[in-house]
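Novice: Structure provided below as structure tokens; questions to follow.
The values are calculated or read from the model by the stated rules, or taken from the named source; none is laboratory data. Because the structure is a prediction, the values reported are computed rather than measured. Neighbour counts run over all protein chains shown; Cβ positions are idealised from the backbone, glycine included.
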Amino acid sequence: MMSLRIPFAFAAALLLVPAALAQDAAQQQHAPQANKPVQPDVTKEFGDWTVRCYPVSSPSPCEMLELRVAKKDGQKILGVLLAYIPSRDADVLQISVPLGVALQNGLVINSDTFKSGVLKYRRCDMQGCYVETAIDSKTVGDIGRATKAEAQIIAMDGKRYNLVFSLKGFTDAHRSLVDLAKQKAGGGTAAKP
């Protein structure tokens with residue numbers, strides 16, 4: 001089961017984890033180019049997962065993610081992002097789902113190796129609603145051993161949806177994420193793909 005009890009200071013740090021915030025910091029450092037989003041300086045593919053690192057100073061300069069989009073219109077249905085914080089030897093999970101979810105019901109991750117408790121949404125914006133939480137190394141290992149996984153959500157109209165995501169390449173992506181994040185945090189330059 002996922003460890004959801006986290007110290008308040010670490011919970012506050014969760015807001016700083018997603019690379020989007022790292023991109024904001026980089027944009028402020030490079031004000032003349034503020035209109036251009038910061039591009040990753042390292043991108044590696046592992047099955048259905050992508051590992052990206054950004055040329056910014058951040059507690060978590062790298063992330064791994066999988067995005068699921070609707071085949072009909074290309075709308076994002078599900079985003080699963082994992083960031084590693086080398087200074088804490090800890091992982092943070094962000095799951096994004098479309099707007100229209102019943103916020104009070106939260107989200108549940110279910111796989112063939114574990115089932116989380118109810119994960120509460122931390123925030124919503126124009127792109128969707130987000131679960132952001134620390135996860136322990138046992139949960140990361142359980143996910144890596146799973147063959148299938150889904151995020152179970154409930155829409156505002158009461159309908160239940162199981163948003164399936166792939167775990168193909170998850171373990172290799174996570175290993176690379178940890179290695180690259182440690183290299184960047186140590187002041188070294190991560191190897192280019």
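Novice: Which of (1) among the β-branched types (Val, Ile, Thr); (2) closer than 23 Å to Gly144 by Cβ; (3) assigned to a loop (DSSP other than H, G, I, E, B) does Val56 not meet, given it meets every other one?
Specialist: (2)
Novice: For the stretch 119-172, which strands (runs of 3 or more DSSP E) that fit wholly inside it have 1 or more residues that are under 14 Å from Val80 (Cα atoms) and either of a type outside the set (A, V, I, L, M) or touching a Gly at 6+ places or on another chain (Cβ under 7 Å) (or both)?
Specialist: 128-135, 149-154, 160-165
Novice: Kindly establish whether Ser116 is more than 27 Å from Lys184 (Cβ to Cβ) and in contact (Cβ under 8 Å) with a residue 60 or more places away in the chain.
Specialist: Yes; evaluated as a whole, the condition is true for this residue.
Novice: Select from the stretch 133-153 the residues that are closer than 21 Å to Val69 by Cβ and either modelled with pLDDT of 95 or more or of a type in the set (Gly, Ala, Ser) (or both) and list them in ascending order.
Specialist: Result: Ala149, Glu150, Ala151, Gln152, Ile153.
Novice: Return yes or no: is Tyr54 under 28 Å from Lys182 (Cα atoms), of a type outside the set (A, V, I, L, M, F, W, C) and out of contact with any Phe, Trp or Tyr (no Cβ under 9 Å at 6 or more places or on another chain)?
Specialist: Judged against the criteria, Tyr54 is a match.
Novice: Sort through Leu78, Leu65 and tell me the only one that's at pLDDT 95 or above, closer than 18 Å to Lys168 by Cβ, assigned to a strand (DSSP E or B) and within 8 Å of the chain's Cα centre (by Cα).
Specialist: Exactly one of Leu78, Leu65 is at pLDDT 95 or above, closer than 18 Å to Lys168 by Cβ, assigned to a strand (DSSP E or B) and within 8 Å of the chain's Cα centre (by Cα), namely Leu65.
Novice: Of all residues in the stretch 120-140, count the ones that are free of Cβ contacts under 8 Å to residues at least 60 places away in the same chain and surrounded by 14 or more Cβ atoms within 10 Å (Cβ to Cβ).
Specialist: 8
Novice: Can you tell me which residue is farthest from Tyr130 (Cα to Cα) among those in the stretch 40-55 that are crowded, with 20+ Cβ neighbours inside 10 Å and hydrophobic (A, V, I, L, M, F, W, C)?
Specialist: Val42
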